[in-house]
Structures are given as C-alpha cells and as structure tokens.
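Below you'll find the structure, written out as structure tokens, and then a few comments.
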Amino acid sequence: MLSGAGLGWWDWDMQTGRVTRSQGWADITGYTLEEAQKPSLWNEIVHPEDRPKVDQSIDDNIQGRIPLVENECRVRSKSGEYIWVFSRGRIVERDAEGNPSRMSGTILDITERKQVERALEASETKLRSILDNVNIGVALISPGMEILELNQQMREWFP
C-alpha cells in the first residue's frame, strides 16, 4: 500500500530496542530486508552533519516538545552513496506511566527533488552574478509594470 506511493515504513519498540522496517524502506536505502532490521542501522547511515538535527528532533518528540519528527537528511545507501530522504514519524504508544514506548513513521526518497533544488540554486547564483557584473542597468518588471528586481548598476543609477 505505501510502496505504491514510494514510501517505506519503520516501527521502533522503544522498550526492547527492536526496529521493524518495510521492504519499501529497504528498497529506498538499497539494503536487504534482513539488513534493514538491524536496530542501529539508522544511526550508522545518517550523514554525520545531519545527525545533530535528526537526534534533536527525535528527542523533542520523545519529550513532547513537537508532535512529529520530520527530517530531510542524507543517508548512506548500501552502495555507499548518500541519498536524500524525508523521514516522518511520531510516538504512537506510551506505557502506563506516560513514557513513550513505540514510535512509527515513514521514509521517502527525495534525492531527485534535492538535485533539482541544487541546480536551481546554482542557476540563480549564476544569474545573480551575471546581472550584478554587467556594465548596463537591468530591471526585471512584471507584466503589471511592477519592478521585481534591479541589478547593482541599476540600483546605483536609481537608488
């Protein structure tokens, strides 16, 4: 059902430490379904630069400061390459004392979207550099004649 949407799911029994992950989760990360069941795998594959943010959001959810854990982060696939994923989850069960006992969620591969975003950012940076370094004034104007953007030369002429 979720795999049709490109999603994988995971379920963490916080009392036993057992983690169950779906075939979709395994497919996204490139691990076998058996390998995907290793409880420490997530901690091992999250990019070191993304770990603090990911860990903080999990802690914030456990402590009740946020209702959902939502992270866009890089994870190392079985091939060794990093892919971008969107992981979303939350506490779904608490014990008799109100302590979290189970967390569940989904994972989605967003690598392609991140690549498009990076390309767009690079294009925008390149355009900005060109506009700010030409020796003529350039103004971008909407069809309604609203000034949308002035390059540096134009801003100097019309402060």
Practice task
Using amide H atoms built 1.01 Å from N in the peptide plane, name the residues 5+ places from residue 110, or on other chains, whose amide H lies under 5 Å from its own.
Solution key: 84, 85, 86
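Under the definition of Cα pairs under 8 Å and six or more residues apart, what whole-number percent is the relative contact order of the chain?
Normalised by residue count, the contact order of the chain is 18 percent.
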Completion exercise
Among (i) 18.3; (ii) 24.9; (iii) 18.8, the entry matching Kirkwood radius over Cα pairs in Å as calculated here is (iii)
Practice task
From largest accessible area down, sort 69, 138, 92; use a 1.4 Å probe on the protein chains.
Solution key: 92, 138, 69
Practice task
For the stretch 43-53, take each phi angle, set θ = phi - 60°, evaluate the Karplus expression 6.51 cos²θ - 1.76 cosθ + 1.60, and give the result in whole Hz per residue in order, putting x for glycine and proline.
Solution key: 4, 7, 9, 5, 4, x, 6, 8, 3, x, 5
Practice task
Please give the calculated 222 nm ellipticity per residue for the chain, where each DSSP H segment of at least 4 residues contributes -39500 (n - 2.57) and the sum is spread over every residue; nearest 500 deg cm²/dmol?
Solution key: -10500 deg cm²/dmol
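Can you give the net charge of the other residues whose Cβ lies under 12 Å from the Cβ of residue 155, counting K and R as +1 and D and E as -1?
Details: positive: none; negative: 132, 149, 156.
Once all neighbours under 12 Å are counted, the net charge is -3.
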Handout entry: HN-Hα J in Hz across the stretch 89-99 - Karplus 6.51, -1.76, 1.60, θ = phi - 60°, x for Gly and Pro
Key = x, 6, 5, 10, 8, 10, 7, 4, 8, x, 7
Fill in the blank from the handout: For the chain, longest principal axis from Cα atoms; helix 111-133 axis from its Cα atoms; angle between them, nearest 10 degrees, is 20 degrees
Practice task
Pull up all non-local amide H partners of residue 77: gap of 5 or more, or a different chain, and H-to-H distance under 5 Å with H placed in the peptide plane.
Solution key: 82, 83
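Probe radius 1.4 Å, ligands and nucleic acids ignored: give me the carbon and sulfur share of the accessible area of the chain as a rounded percent.
Numbers: 5500 of 10150 Å².
Within the chain, the accessible surface is 54 percent carbon and sulfur.
Hey, if we sort 86, 158 by accessible area with the 1.4 Å probe, largest down, what's the order? Can you show the working numbers first?
Numbers: 86 60, 158 130 Å².
Largest accessible area first, the residues go 158, 86.
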Fill in the blank from the handout: With all protein chains in place and a 1.4 Å probe, residue 114 shows an accessible area in Å² (nearest 10) of 30 Å²
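The values are calculated or read from the model by the stated rules, or taken from the named source; none is laboratory data. Not measured: the values here are computed from a predicted model. Here Cβ is always computed from backbone atoms with ideal geometry, including for glycine, and neighbour counts include all displayed protein chains. Heavy atoms of the whole protein, side chains included, go into the accessibility calculation; ligands, DNA and RNA do not. Shrake-Rupley method; radii C 1.70, N 1.55, O 1.52, S 1.80 Å.
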